1. Please work out the Cα center distance from region 9-27 to region 152-190, rounded to the nearest Å.
2. Under a plain spin-label model, where a point goes 7 Å from the Cα along Cα-to-Cβ, how far apart in nm are Met171 and His51?
3. Can you give the local net charge around Asp116? Use residues other than it whose beta-carbon is closer than 14 angstrom to its beta-carbon, Lys and Arg +1, Asp and Glu -1.
4. In vacuo Debye scattering of region 16-70, one point per C-alpha: log10 I(q)/I(0) at q = 0.19, 0.26, 0.30 Å⁻¹?
5. Taking a quarter of the surface of the convex hull around the Cα atoms of region 155-264, what do you get in nm²?
6. Expressed as an acute angle from 0 to 90° and rounded to the nearest 10, what is the orientation of the C-alpha long axis of helix 253-264 relative to the principal long axis of the chain?
7. Given R₀ = 51 Å, FRET efficiency for Ser183-Thr73 by Cβ-Cβ distance, to 0.05?
8. Helix 10-19 sits at what angle to the longest principal axis of the chain, using alpha carbons and giving 0 to 90 degrees rounded to 10?
Amino acid sequence: MGKANYSLSLEELVLCLHLLGHTEAGAALMQTIVGELPEKELETRLLVAGHSLMARDWLELIVDEQGARHQLTAELAEVVEILAKADFSIGLQQFDQGQEKKLVFHVKADKFVEHDSSLGVVQKVFVHDRYQSMVEQAVAAFQLQGYAETSLPETGLPSDFLDNLAAFRTMEAERIQTMLEVSGVPAALAQLLAEDLQRPRRVINVMRIDYDEQQGPVSDAGFFMLAGNTRLWIVLQEGTDAEMKLRICSGSTTAFAAELKKLLGIDRTPEIRPV
């Protein structure tokens, strides 16, 4: 499967899922974005979506000895199948001044399908033919380029660090630095981190989501990124919820790619190129 981009209406994507037998997934997507619809309205919307897909040469009417049926093009069918039956997914989620930004990459074997549903009624689907392209897209989408490179050592964090992120915004930097130093964070790192915790630009959550046989989520390993004014930090989580240990390291596009590589289970660190 080569690189391909699709811009589908919500109804078009739901119809694609229906045609491939993923009725529940299609219904869940529709419910999430527009809520419950009267049956007649839903039928009308899907009928219009079918005509639209046929006009774009993505859906054809097959007539043979088995009768008449609608069939998606092979390439689109493969892409939608990955959306519905991924081996696992990588999700990135950012909250910035009350606004949410979300991007999901669905992975099956060596295929990577990006699903951007941020526009709601428009579903953007991009196929990446190599994982480097996926990493580069994530770097560009979340504006991770341009942060200062630092050589500070990795260190542990207090267990309540993530719970205090909101509170740090209202504290003086000196107080935050003192709290971090008391918890064991080296002074040089605590000073820089305190500055960014007081005025963080963004917090980005990166998760790997594995699925059971019914495509229900069964795990959510991952890490956080804290974007300050000039520095990027990566917060790593280890252990169970009851005994969670946190570590922090100075971030960069290279460090982000290395951590994402671990979530993907790939042994090579990609070379990041501008998108």
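1. About 46 Å separates the Cα centre of region 9-27 from the one of region 152-190.
2. Output for this residue pair reads 6.1 nm.
3. +1
4. Log10 of I(q)/I(0), two decimals: -0.78, -1.15, -1.23.
5. Averaging across all directions leaves 7.6 nm² for the Cα convex hull.
6. Its long axis makes an angle of about 60 degrees.
7. My answer for the efficiency is 0.35.
8. With both axes taken from Cα atoms, the answer is about 60 degrees.
Each value in this text was obtained by applying a stated rule to the coordinates, not by laboratory testing. The model shown is predicted, which means the values in this text are computed figures rather than measured ones. A quick note on method: Cβ atoms are made from the backbone with ideal geometry, for glycine too, and the neighbour counts reach across all protein chains shown.
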